[in-house]
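Taking it in order: structure first as structure tokens, then the write-up.
Read-outs throughout are calculated quantities, based only on the coordinates presented, and are distinct from any laboratory measurement. A quick note: this is a predicted structure, and the numbers were derived from the prediction, not measured. Cβ coordinates were reconstructed from backbone atoms using ideal geometry, including for glycine residues, and neighbour counts include every protein chain displayed.
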Amino acid sequence: MITAPQIIISVIGSLWALTAFLGVARSLPEPSEMPPVEVVVPASVPITTTTITTIATCDDALQLALDLGFPAEQLATLELVMHRESRCLPHAHNVDDPMGGSYGLTQINGFWCLPNSQWPIGWLQAKGILDECSDLFNATTSLRATHEIYLNSGWNPWRTAK
């Protein structure tokens, strides 16, 4: 589970990297000289678990997959699939694939999310994973769908896994 302090630290680290890239960091104190950040969450505010859907690297996507219950022994194959299919970009979209295009991290084909004779609302919709194919651009939804397809069909839907 990712906590609020972890999110804040990640944001601060990202901003620091951006400012360093832009050459602004020279005028800022070193991170080790900065005072620690304390986050106080009032007791009256319920703490909820939110899955971060921003994926900066393949490692981020793999960690998210592991957090969502993907089998650890399948992560190497998942990494291969994500890298070859989308370069680990959650918003990858191949509109030229047959059956409605392919979407997201693992380029899930429209076959899985479009209505058809066997699944009038779509297979992934019937499983309660998404409402429409474009939901696959959300990294969490994409990896949940990948996991469900993997449980149903193994790696067969992804030629890159073989």
Amide H proximity to Leu114 below 5 Å, modelled H, separation 5+ or other chain, gives Trp123
Karplus ³J(HN,Hα) for segment 75-87 (6.51 cos²θ - 1.76 cosθ + 1.60, θ = phi - 60°; Hz, whole; x = Gly/Pro) runs 5, 5, 5, 4, 4, 4, 4, 4, 5, 6, 7, 9, 6
Here the alpha-carbon Rg of segment 110-159 over 2.2 N^0.38 Å rounds to 1.05
Checked segment 80-135 against the a/c 1.5 cut and the a/b vs b/c comparison, axes a ≥ b ≥ c from its Cα gyration tensor; verdict prolate
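Rounded, prolate or oblate, given the Cα gyration tensor of segment 64-162, with a/c below 1.5 counting as rounded? Please list the in-between numbers first.
On the way: a/c = 1.55, a/b = 1.32, b/c = 1.17.
Cα axes put segment 64-162 in the prolate bin.
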For Ser86, the net charge from surrounding residues (Cβ-Cβ under 14 Å; K, R +1; D, E -1) works out to -2
